[in-house]
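The block underneath contains the structure these notes are about, expressed in C-alpha cells.
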Amino acid sequence: MTDTPERKVLAATAAETTADNPWPLQMLSQKLKTHIEKAPPAWVEAQVIELNKRANVSYLTLRDIDAEVSLSVTVWGSVLSRLEAPLERGSRVVAQLKPDFWLKTGRLSMQGQDIRPVGLGDLLARIEKLRQALAAEGLFDPRRKKPLPLLPHRIGLITGRNSDAMKDVLRNAALRWPAVEFEVREVPVQGVNAVSGVIGALEELDADSRIDVIVIARGGGSLEDLLPFSHESLVRAVAAAHTPVVSAIGHEADRPLLDEVADLRASTPTDAAKRIVPDVGEELRRVDQARTQLNRRIKEMLEREGERLAYLRTRPVLANPQSMLTARHDDVAALSTRALTAVRTQVGRHADQLVHLRAQVRALSPQKTLDRGYAVVQLGDRSIVRSPEQVPTGTPLRIRVAGGDFTAAATDSNTPVISENTDATAPTPTATKDPA
C-alpha cells in the first residue's frame with residue numbers, strides 16, 4: 001500500500017497566504033465574487049455617451065456629470081422596455097447599478113437593474129432648489145454686488161474656443177472703444193470639463209491685478225448645454241471673486257444661476273460688450289455737449305456780473321467817489337472843532353477855578369494879614385510871642401510887619417483882661433522901636 005501525499009491547509013485569508021502556501025486562482029476568484037455580490041445596488045446620475053444595442057442586451061457607457069470618469073454598464077432589454085421613450089446618446093439618466101464578477105474570466109461588470117431618464121422638469125426643479133438655497137445664504141443679495149469700472153483698461157474674457165460669443169464680445173467692444181484690451185481664456189463651455197475649466201480661468205484672471213472686469217460668455221443652447229453655468233461650485237467661485245464679474249450666457253430667455261450671482265447680468269454676449277465699455281462716439285458727443293453748456297454758463301455768468309458791475313458803477317458812492325471822502329472830511333473837521341471847543345471850554349473853566357483858588361490862598365496867607373496892619377513878634381530864637389508872660393521887661397524882640405521887620409525891647413508886660421468886645425487878634429505885647 002502506497003502513501004498518499006499530505007494535503008496542505010490553505011490560508012483562511014488573503015493576508016495569510018505566502019509563496020510556500022498560495023491560494024488556488026479559483027479560490028481568489030470565488031472570494032472576489034462572494035465579496036462583490038455582497039455589495040448592494042446603488043443609484044447613480046450620469047450621462048449616456050455610448051449606446052450599443054445587441055439583440056436583447058444593450059451596452060452603455062456612462063460618464064460622470066462633473067468629472068472624466070466613465071463606466072461600462074450592461075442593461076437587459078426588459079429594463080429598457082419599461083422606458084416611455086427610447087434611450088438616446090447624450091441623455092442624462094439615473095441608473096441603479098449592481099456590480100457583477102464573471103468567475104471564469106475574472107471580469108468585473110455593472111448590471112443596470114433600472115434606468116430612468118432625467119427629464120427637463122427634474123432639472124428645473126433641481127436648479128430651483130439650489131437657487132433657493134444659495135439665495136438664503138445671501139449669495140444673490142444685490143448689496144454684495146460690486147460696481148463695474150467706468151472705463152476698464154483690460155477685460156478678462158472666459159469663453160469657448162473660437163466661439164461666436166468671443167467674436168461678438170471682441171468685435172462690439174472694439175467698435176465702441178477701440179483702445180480696449182482683452183485677456184482671453186478659451187475653455188470648454190459645455191460638457192463634463194466646463195465647470196472646472198471656467199473656474200480655473202476665473203481664478204487665474206481674478207488673481208491678475210491688471211484685470212478690471214471679467215466676462216463669462218457663451219452662446220445659446222438647450223437647458224442641458226447650459227447646466228454647467230448653474231453648477232454650485234461655479235456659482236460659489238463667482239461669489240468669492242474680488243474682480244467684478246459679468247454673466248453673458250445664452251439668450252434673453254436663458255437664466256442660469258450664474259446670472260443671479262454675477263455683479264452684472266447681460267442678456268447676450270453682444271449686450272455684455274455694450275455694457276462693459278462706453279461708446280467713444282457717444283462720449284465725444286457728451287463732451288461736446290458739456291463743453292457747449294459750460295461755455296454758455298460762463299457767458300451767462302459774465303453777462304450777469306457785467307450788469308451787476310454796471311449797476312454798482314451808477315451808485316453815488318462809485319459815480320462820485322470824492323463825495324464819500326468829502327463827507328468824511330467834513331465829519332472829521334466838525335469833530336475836530338467840537339473837540340477843540342470842548343478843550344478850550346475846559347481849560348477856561350479850570351483857569352477860572354485856578355484864579356479863584358489863588359485868591360482864596362492869598363486871602364488866607366500871613367502876608368495879607370500883615371498888609372492889614374498886623375505884626376508878628378518874635379523872640380531872639382525866632383519863636384513867636386503868644387503870651388506877655390513870654391516877654392519879661394527888657395527882652396529883645398523882633399517885630400515883622402508888612403513892609404519888613406525891625407528890633408525892639410519890651411518895656412512893660414502885663415496880662416490884660418480881655419472882655420467880650422475886645423479883639424482877640426490884637427497884639428498883646430507892647431513893642432517899642434529899637435533906637436538903633
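Any read-out appearing in this document is the output of simple, stated calculations on the displayed coordinates, not a laboratory observation. For clarity, every value in this text was computed on a predicted model and none was experimentally measured. Ideal geometry is used to build each Cβ from the backbone, glycine not excepted, and the neighbour counts take in all protein chains shown.
Points to keep in mind about this one:
- Of all aspartates and glutamates in the structure, those lying under 18 Å Cα to Cα from residue 104, and not within fewer than 8 positions of it along the same chain, are 37.
- Farthest toward the positive end of the dipole of the chain, out of 253, 295, 22, is the Cα of 295, where the dipole comes from beta carbon charges about the Cα centre.
- Rg and Dmax, both from the Cα atoms of the chain and both in Å, are 65.7, 215.
- Residue order, fewest to most surrounding Cβ atoms within 10 angstrom, among 74, 292: 292, 74
- Here the label points at residue 102 and residue 122, each 7 Å from Cα along the C-beta direction, are separated by 2.9 nm in the simple model.
- Neighbour-count order for 283, 252, fewest beta carbons within 10 angstrom listed first: 252, 283
- Pairs beyond 20 Å (Cα-Cα), from 167/274; 145/167; 146/274; 31/98; 33/98: 145/167
- Efficiency of FRET between residue 129 and residue 23 - r from beta-carbon atoms, R0 41 angstrom, step 0.05: 0.20
- 29 Å Cα-Cα reach of residue 368 towards lysines, excluding residues that sit fewer than 8 places from it in its own chain: 433
- Of the residues 133, 337, 229, the one whose Cα sits farthest towards the positive end of the charge dipole of the chain is 337 (charges of +1 on Lys and Arg Cβ, -1 on Asp and Glu Cβ, taken about the Cα centre).
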